[in-house]
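Here, each number is a calculation from the coordinates, and none is a lab measurement. All figures in this text were calculated on a predicted structure; none of them were measured in a lab. With ideal geometry, Cβ positions are generated from the backbone for all residues, glycine too; neighbour counts draw on all protein chains shown.
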Amino acid sequence: MTSTTLKIAAFSAALMMPAAGWADEDYDANLAVPDEEEDEGYDPNKPYYAELELEYFNNNSNFESENEYSATLSLGYYFNENFSINGVVLGAPVKGDGFFPNDYDFYFEELYLAAEFDRFGFFGGKFNPTFGIGYDDAVGYLYSAEYFYGYELVERLGVGATYTFGDASGGEHTLGASAFQLDTSSLARSFFRGEQLASRADGGLSNHSGLGSYNLWLEGNDAFGVENSRYNVTYRSQDGGAPDEETETGFAIGGAKLFELANGNELEVYAELVSLDNSLDEGISFDQDSLMATGAYYFGGDWVASLGGGIQRIGNSSDTTEMANGNNRFVTASISRNFGDLYAELAYKRDETNGVSSNSAGIFLYYGFEF
């Protein structure tokens with residue numbers, strides 16, 4: 001079973017974007033381990049960092065209307081210049097139909113210890129393993145990024161290590177590896193309602209004892225003299241948690257390059273290829289081939305307009321219903337703006353699955369601040 005995705009995106013460095021879902025302003029590769037928030041590093045006068053992010057989206061389609069709220073609190077404390085503890089607390093739906101606030105609670109999405117010694121880094125605990133950069137760099141959170149969220153690795157329990165090195169042209173590269181399992185420990189329990197968010201009985205990828213699932217990656221920026229560039233190559237293997245679930249394997253290859261335009265704006269071209277074998281989603285296995293492309297143009301300092309589209313072919317699904325196999329075509333468009341710490345996005349999407357079309361429109365709001 002295979003799944004292949006190709007995405008092309010363009011976006012600008014002139015706009016400060018939220019950390020989850022858009023490119024960083026300085027275009028540095030995400031060399032922090034494993035997937036921590038950007039920070040200024042160890043400062044003995046302020047050995048901690050804290051950032052609160054609030055998100056809301058409203059989506060209206062031919063079939064339903066939905067609202068969702070979330071809050072993310074990123075925390076870190078440096079014991080010294082070498083050792084730190086890092087955590088991400090997420091407020092999101094934990095049960096039922098996800099109605100706010102009755103079905104919401106808080107839980108640890110990440111909580112890990114990290115150590116850095118010159119070129120070497122080590123980490124262990126609950127973290128989001130690296131797999132490509134498509135979701136992080138997607139243009140348009142509401143509809144563009146969602147196509148890549150399904151490939152993200154989140155809430156794994158394990159250990160990892162990185163090695164950072166430079167090249168003769170001033171580029172920086174990081175080679176990393178981690179081994180993990182799906183978190184079913186007490187960290188997977190919500191704070192107030194006590195909801196267990198994952199258990200061994202659920203099955204699914206990485207839901208096993210031991211550290212039989214793993215990933216390997218190489219990433220960097222300004223490689224071999226190519227200024228304002230970024231790349232990532234990742235391989236992953238995830239064992240199934242049930243006897244009848246096959247091992248998933250896959251790779252991601254992505255890169256980005258920033259261009260300064262004559263009119264003073266900046267354009268970054270980004271591409272990523274993702275291939276997965278034995279895809280599995282909520283117990284359903286399938287083959288999937290996808291070709292996706294998005295582009296964005298930043299103007300007026302704080303504005304960006306994006307347009308995207310793609311085609312997906314799904315076959316050999318274990319779900320034998322009529323709509324489970326076939327072709328899905330889609331097009332997305334969005335316009336967004338930063339208002340200081342507030343980010344607002346209006347977006348549109350049109351899907352066509354096996355000849356049946358649907359339209360969606362929505363709004364996404366983000367507000368973040370450090371303290």
Which ordering of PHE369, PHE330 is given by a fewest-first count of other beta-carbon atoms within 10 Å?
-> PHE369, PHE330
Segments 350-361, 47-58 sorted - mean Cβ within 10 Å per residue, highest first = 47-58, 350-361
Per-residue Cβ contact counts at 10 Å, fewest first, order SER306, SER275 as SER275, SER306
When TYR104, TYR214, TYR149 are ordered from fewest to most other Cβ atoms inside 10 Å of their Cβ, what list results?
-> TYR149, TYR214, TYR104
Taking a 29 Å limit on the Cα-Cα distance, which of the listed pairs LYS95/LYS126; LYS95/LYS349; LYS46/LYS257; LYS126/LYS257 fall beyond it?
-> LYS46/LYS257; LYS126/LYS257
Would you compute, from DSSP H runs of 4+ residues alone, the mean residue ellipticity of the chain at 222 nm, taking -39500 (n - 2.57) per run and dividing by the full residue count, rounded to the nearest 500?
-> -500 deg cm²/dmol
Go through (i) 20.3, 62; (ii) 29.4, 94; (iii) 25.1, 91 and flag the label whose value is the computed Rg and Dmax of the Cα atoms in Å for this structure.
-> (i)
